[in-house]
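Working notes, structure below.
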Amino acid sequence: MTPSRRALLAAALGTGAGAAATAAGLPAAAAPAADWQLRWSPSARDVGLRAFETLEDDRANSHPAAKPHIKAEGDNFRFQMHTVDRDTSDDRQRHEVTGCRTGDSFLKWQQGQTWRVTYRMFLPSTLKATTSFTHIMQMKQPGAGSAPIVVQSLRRVDGRQTIELKIFEQDILVGRTDLEPLHDTWTDVDFQIKIGNGSSGSVRWILKSGGTTVIDKSRSGIDTFLADRVRPKWGIYRSLGDSSGSLQNTYMLLTGMRGYQLV
């Protein structure tokens with residue numbers, strides 16, 4: 001049978017172009033390349049706080065006169081923190097949102113999947129790095145009592161204000177850069193995570209300011225899964241144990257939030 005007749009026979013049997021090419025002695029077509037698919041793109045102006053799965057706004061009701069501490073403000077999501085605010089554990093402060101809501105459902109980041117979030121953040125000079133923890137993004141397992149998986153934090157290192165990304169349980173520093181040049185301006189954040197147990201996970205963290213890449217760091221061979229699923233959190237979550245005098249009334253703005261899955 002000639003190559004052309006073998007190709008026609010393969011097509012007639014419904015085996016597709018790849019099989020037909022192989023039958024004809026030609027290379028099979030390459031599988032489609034993986035691509036980022038947009039799964040979440042909330043507008044603060046249109047959907048407000050329904051962009052998120054849950055809200056953690058002054059859970060201890062420590063400062064009711066200032067509620068809401070988390071709100072949609074034009075095109076931005078605003079997180080307001082006061083020095084008098086307290087979480088249910090009164091040695092810390094927390095105003096955070098969790099998850100990525102789409103209508104009446106929300107995204108579930110599962111083991112083996114790869115996800116990416118991009119957004120712009122505005123950090124005023126009053127939101128300073130501290131000697132104890134100040135987290136402004138976390139990746140966590142849903143539910144009470146679980147430790148973070150990944151944290152994006154504002155930390156003082158030898159007296160210097162920095163912003164960093166760490167794998168929390170393994171205490172692995174992915175990257176760190178100076179915070180002060182990012183104060184009072186918009187910074188583009190691009191965070192990617194492959195959700196994997198043991199050593200099958202990976203992350204990539206990119207910050208850009210004014211179109212210039214400030215930091216672009218990756219880490220593979222890490223554990224990025226605890227149980228159930230991974231859920232992102234954003235907001236201000238900080239310890240009162242700072243010894244640098246950096247705790248002030250402050251806020252953070254987020255906008256242009258997008259969530260993508262690699263498929």
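The values are calculated or read from the model by the stated rules, or taken from the named source; none is laboratory data. Here the structure is a predicted model, which means the values were calculated and not measured. Positions of Cβ are generated from backbone atoms using ideal geometry, with glycine treated the same way; all protein chains shown enter the neighbour counts. We work out accessible area using only protein heavy atoms, side chains counted, and drop any ligands, DNA or RNA first. Shrake-Rupley method; radii C 1.70, N 1.55, O 1.52, S 1.80 Å.
Annotations
- Hits in region 232-263 (condition: over 21 Å from V157 (Cα atoms), of a type in the set (G, A, S) and either outside any strand (DSSP E or B) or open to solvent by 20 Å² or more (accessible area, probe 1.4 Å) (or both)): G256
For every residue, the table says whether it meets (1) farther than 17 Å from S125 by Cα; (2) among the hydroxyl-bearing types (S, T, Y).
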site: T162; (1), (2): no, yes
site: E169; (1), (2): yes, no
site: I172; (1), (2): yes, no
site: H183; (1), (2): no, no
site: W186; (1), (2): no, no
site: W205; (1), (2): yes, no
site: T212; (1), (2): yes, yes
site: G221; (1), (2): yes, no
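- Of all the numbered requirements in (1) buried (at least 19 other Cβ atoms within 10 Å of the Cβ); (2) more than 19 Å from V189 (Cβ to Cβ); (3) polar (S, T, N, Q), T131 misses one, and that requirement is (1).
- Candidates are the residues of region 188-231 that are open to solvent by less than 30 Å² (accessible area, probe 1.4 Å) and outside any strand (DSSP E or B); the one that is farthest from C100 (Cα to Cα) is G196.
- Listed by first and then second residue, the pairs with beta-carbon distance under 8 Å, at least 6 apart or on different chains, first residue in region 100-117 and in contact (Cβ under 8 Å) with a residue 12 or more places away in the chain and within 14 Å of D228 (Cβ to Cβ), second open to solvent by 50 Å² or more (accessible area, probe 1.4 Å) and outside any strand (DSSP E or B), are Q111/N197.
- The set of residues in region 76-99 being of a type outside the set (A, V, I, L, M, F, W, C), more than 17 Å from R231 (Cβ to Cβ) and open to solvent by 10 Å² or more (accessible area, probe 1.4 Å) consists of N76, R78, Q80, H82, T83, R86, T88, S89, D90, D91, R92.
- Exclusive hit being in contact with a helix residue (DSSP H, G or I) (Cβ under 8 Å, 6 or more places away or on another chain), modelled with pLDDT of 65 or more and farther than 30 Å from G259 by Cα, set A65, A51, A29: A29
- Residue selection: V97 satisfies the criterion of being within 16 Å of H135 (Cα to Cα), among the β-branched types (V, I, T) and either in a strand (DSSP E or B) or in contact (Cβ under 8 Å) with a residue 24 or more places away in the chain (or both).
- Among residues of region 55-72, those that are closer than 22 Å to P232 by Cβ, without any contact (Cβ under 8 Å) to a residue 40 or more places away in the chain and either part of a strand (DSSP E or B) or open to solvent by 80 Å² or more (accessible area, probe 1.4 Å) (or both), counted: 4
- Test: residue in region 130-147 that is of a type in the set (V, I, T), assigned to a loop (DSSP other than H, G, I, E, B) and touching a Leu at 6+ places or on another chain (Cβ under 7 Å): no
- Among the residues of region 104-124, those identified as more than 25 Å from K194 (Cβ to Cβ) and open to solvent by less than 50 Å² (accessible area, probe 1.4 Å) are F122, L123, P124.
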